[in-house]
Amino acid sequence: MSLVVQRRILELPPVDQREVLRYAQASGLDEQALLERLEEVCQEAAPLIVGRVCFVESPLRLSGDEVSFEGLSVRSANLGKALDGCASAVLFGATIGLGLDRLIAKYGRISPLKALFCQAFGAERIEALCDGFCAQLAREKLPQGLRPRPRFSPGYGDCPLDFQKSLFQILDAPHQIGLSLNGSLLMSPTKSVTAIVGVEKLETSR
């Protein structure tokens with residue numbers, strides 16, 4: 001069986017500004033003044049965001065610490081534990097695009113506070129994108145008596161960060177959603193995520 005890469009553009013929910021402040025670690029400062037400045041950043045940054053996801057669903061095999069998908073494998077006890085009991089897994093890449101990176105670079109030169117807020121805004125947006133994709137996946141799997149597990153990314157626990165290379169090859173991420181990986185394993189656009197989501201049977205399904 002050959003894995004088929006799918007891609008989607010997702011509409012993101014409204015920005016959670018207090019979550020952005022949490023990412024910015026600015027909760028101890030004058031909150032009203034920060035919210036006013038943050039609103040300026042959100043209005044400028046929001047039009048630059050496009051939530052793109054590419055993904056495949058693969059059969060899964062566990063053997064000791066070895067986790068095998070179709071066409072790739074990785075040794076990770078933590079990932080194996082996260083996927084234990086699953087028959088398949090969804091491997092995905094997600095990004096909100098390069099527009100925000102350019103805005104961060106701009107404010108990095110002229111306004112450190114706005115650059116910080118742009119970074120935090122991007123962190124909130126990519127998490128919202130991943131959460132939205134996983135919620136969409138859950139809705140699609142429910143009629144089949146299946147549900148997704150929490151996502152697990154390379155670099156967590158003992159899962160090697162260089163597993164990113166294999167994920168990028170399987171997902172064809174540069175062509176599918178414009179997501180690339182450099183020799184230092186840094187992703188571009190920077191506000192991007194790759195992850196594995198186990199798919200398990202619901203206990204009530206027959």
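Need the list of lysines near Lys201 for cross-linking: C-alpha distance under 20 angstrom, and skip anything on the same chain fewer than eight residues off.
Lys201 reaches Lys81, Lys141.
Just tell me the longest site-free run in the chain, where the sites are GluC sites (Glu not before Pro) in a DSSP loop having at most 12 other beta-carbon atoms within 10 Å.
12-202
Helix 99-110 versus the longest principal axis of the chain: what is the Cα-based angle in degrees, 0 to 90, to the nearest 10?
40
Report, in degrees rounded to the nearest 10, the 0 to 90 angle that the Cα long axis of helix 112-141 makes with the longest principal axis of the chain.
30
No solvent, one uniform scatterer per C-alpha: report log10 I(q)/I(0) for the range 53-106 via the Debye equation at q = 0.17 1/Å, two decimals.
So the normalised log intensities are -0.60.
Summarise the accessible area of the range 1-128 (1.4 Å probe, protein heavy atoms) by the percent that is carbon and sulfur.
Ligands and nucleic acids excluded, carbon and sulfur give 49 percent.
Nearest 10 degrees is fine. How inclined is helix 31-45 to the longest principal axis of the chain, computing both from alpha carbons?
70
Restricting things to Cα coordinates, could you compute the convex hull volume per residue of the range 140-206 in Å³?
Working: hull volume 8.0 nm³, N = 67.
Convex hull volume per residue, Cα atoms: 119 Å³.
Kirkwood hydrodynamic radius (Cα pairs, Å) of the range 1-123? Walk me through the numbers before you get to the answer.
Details: mean 1/r = 0.0579 Å⁻¹.
Hydrodynamic radius (Kirkwood, Cα only) of the range 1-123 equals 17.3 Å.
Can you give the log10 of the normalised intensity I(q)/I(0) at q = 0.07, 0.10, 0.15 Å⁻¹, computed with Debye over equal Cα scatterers of the chain?
Results for the chain at q = 0.07, 0.10, 0.15 Å⁻¹ read -0.24, -0.48, -0.96.
Lysines near Lys114 by alpha-carbon distance under 28 Å, same-chain residues fewer than 8 away left out - which ones?
Excluding near neighbours in sequence, the set is Lys106, Lys191.
Kindly report the accessible area of the chain per residue (heavy atoms of protein chains, probe 1.4 Å, no ligands, DNA or RNA), in Å².
52
The values are calculated or read from the model by the stated rules, or taken from the named source; none is laboratory data. Bear in mind the structure is a predicted one, so any value in this text is a computation, not a measurement. Note that each Cβ is placed from the backbone with ideal geometry, even for glycine, and that neighbours are counted across all protein chains shown. Only protein heavy atoms, including side chains, enter the accessible area calculation; ligands, DNA and RNA are left aside. Shrake-Rupley method; radii C 1.70, N 1.55, O 1.52, S 1.80 Å.
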